[in-house]
1. Quick one: how many residues across segment 16-30 are over 23 Å from Arg157 (Cα atoms) and either open to solvent by 20 Å² or more (accessible area, probe 1.4 Å) or in a loop (DSSP other than H, G, I, E, B) (or both)?
2. Using the structure shown, decide if Glu294 is charged (D, E, K, R) and under 20 Å from Gly379 (Cα atoms).
3. Of the residues that sit in segment 165-191 and are under 24 Å from His141 (Cβ atoms) and among the hydrophobic types (A, V, I, L, M, F, W, C), which one is nearest to the chain's Cα centre (by Cα)?
4. May I ask you to list the residues in segment 135-160 that are open to solvent by 30 Å² or more (accessible area, probe 1.4 Å) and either in a loop (DSSP other than H, G, I, E, B) or modelled with pLDDT of 95 or more (or both)?
5. Could you run through segment 266-294 and say how many residues are surrounded by 13 or more Cβ atoms within 10 Å (Cβ to Cβ) and among the basic types (Lys, Arg)?
6. Looking at segment 4-14, which of the residues that are touching a helix residue (DSSP H, G or I) at 6+ places or on another chain (Cβ under 8 Å) and open to solvent by 20 Å² or more (accessible area, probe 1.4 Å) is nearest to Val65 (Cα to Cα)?
7. Please go through segment 37-59 and give me each residue that is away from the ligand (no atom under 14 Å from the Cβ) and crowded, with 21+ Cβ neighbours inside 10 Å, ordered by number.
8. When you scan segment 104-115, do you find a residue that is of a type in the set (Lys, Arg), part of a helix (DSSP H, G or I) and under 24 Å from the mean Cα position of the chain (by Cα), even just one?
Amino acid sequence: MSTRFEDLNITRQFLNALDDLGLENPTDIQSKAIGPARNGQDVLGIAQTGSGKTLAYLLPLVMKVKFAEGMHPRALILAPSKELVIQITRVLESLITYTDLRVVCLYGGIGKKTQVAEIEAGVDILVSTPGRFIDIYSFGHIHTRGLKTLVLDEADRMMEMGFMPQLRQILEVIPVKRQNLLFSATFPQRVEELAAEFLEFPTRVESEGKEKAVKEVTQQWYPVPNFKSKLNLLLHFMENPEWNRVIVFCRTKDEAERTSRYLDRTLKDEVRVLHSNKGQNARINALDDFRKGEVRLLITTDVTSRGIDVENVSHVVNFEIPKSSEDYLHRIGRTARINRDGVAVSFANRAEVILLERIEKRIDSHIARVEWPEEVAKGEFLAGEKKEIDRELDRQKRIADPTFKGAFHEKKRKAPGKGSPKASRSSKSKGRRR
Ligand code: AMP
């Protein structure tokens, strides 16, 4: 296997760009994917974020498109989120420094005018979310006839987010004769079907980086009873200067917002929050402040985090445990990028412990339990929080064992027997009549 980019016949201007980026040796997925892709084959790449997959498809792509020509795009890269589109464009732009190639990046949430103007000024490579591509195409601003390469990045995420109809629409309007590169972190049934529909006799390559990525991350978890205790524990960790670039994951944007509001009281000006309800500029600024090290802590959600590529993230905190092991792997992959170590710390309440156990089994790796540090005070339960945790605990137990009825469920069922609300109302009304 090749150990240097030179061995992969990368042309000089791109070798120079790689050199500027400080990259010398291809990663596993790059060694495996670049050759077949350069030969014009369709490639199915199974590789996680953190494996170097972006350059695995960008390098053969830029070598094929080579230099600026005509007005219309010759390559299209589709990715599921704005953040990922921006991230890919950032890598692409640094890669084409020594060429005259023109890249345009398209995503929703902002006006179309500038994006359309950029396309009309001439473009070689388009990077887009599926929705925005169709939107701009339907107004007649994209000539697709010259497209010779199609890349689908994070195909599994696209399937999860229900992009299949849009992808089919796009397929209908781009040339049948083209090269396809499809990358996905996982390979569930839906991606298999997508690959069968999109690719012709693909060469399948798989990154061995997956296990490595997990191995390089120290994984720990703390049993934490409730939200306020989670806050206290996080604030305690933030007193340690080694926690200098921290990503905190919540499951929903509401939770991310709430967590940031509480943390902001203590960690003034050190926190930014990134989720899909934020305006485009706020999101870009938040990420920039974090990337530059102006703030230490970034709070985000699973969907929005796709595409966050920040160097030297010291710690990832699972403030809430994700429901899927893919999300867990993706989260912890934000720390310990290639050749670096990182720490992922999970905070799990009684219900979340079950999720964490399930994740541990699925990813086949040990997450070490660490006991609550005595010097940290535990917080009170918020109104209704205890009940919600119990309900979630029942839900999780029921997933594990469908016959499980659950404490919460039992209580609810018993109520009518003891004296249902109906019964008491009728006795009251009888009383009144008397
Ligand atoms: P990706 O999997 O494409 O999201 O890449 C993850 C990270 O790996 C990015 O920060 C890249 O800059 C870095 N990276 C990509 N290729 C290499 C390489 N050949 N050597 C070292 N780091 C790399």
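The values are calculated or read from the model by the stated rules, or taken from the named source; none is laboratory data. What you see is a predicted model, and the numbers here were worked out from it, not measured in a lab. All Cβ positions, glycine included, derive from the backbone under ideal geometry; neighbour counts span all protein chains shown. Surface accessibility is based on the protein's heavy atoms, side chains included, excluding ligands, DNA and RNA. Shrake-Rupley method; radii C 1.70, N 1.55, O 1.52, S 1.80 Å.
1. 9
2. Values: charged (D, E, K, R): yes; under 20 Å from Gly379 (Cα atoms): no.
No, not satisfied.
3. Within segment 165-191, the match that is nearest to the chain's Cα centre (by Cα) is Leu167.
4. Asp135, Tyr137, Ser138, Phe139, Gly140, His141, His143, Arg145, Lys148
5. 4
6. Residues of segment 4-14 that are touching a helix residue (DSSP H, G or I) at 6+ places or on another chain (Cβ under 8 Å), as a first pass: 5-6, 8-11, 14.
With open to solvent by 20 Å² or more (accessible area, probe 1.4 Å) added as a condition, the list becomes 6, 8-9, 11.
Working: Glu6: 19, Leu8: 17, Asn9: 15, Thr11: 12 Å.
If we take residues in segment 4-14 being touching a helix residue (DSSP H, G or I) at 6+ places or on another chain (Cβ under 8 Å) and open to solvent by 20 Å² or more (accessible area, probe 1.4 Å), then Thr11 is nearest to Val65 (Cα to Cα).
7. Result: Ala37, Val43, Leu44.
8. no
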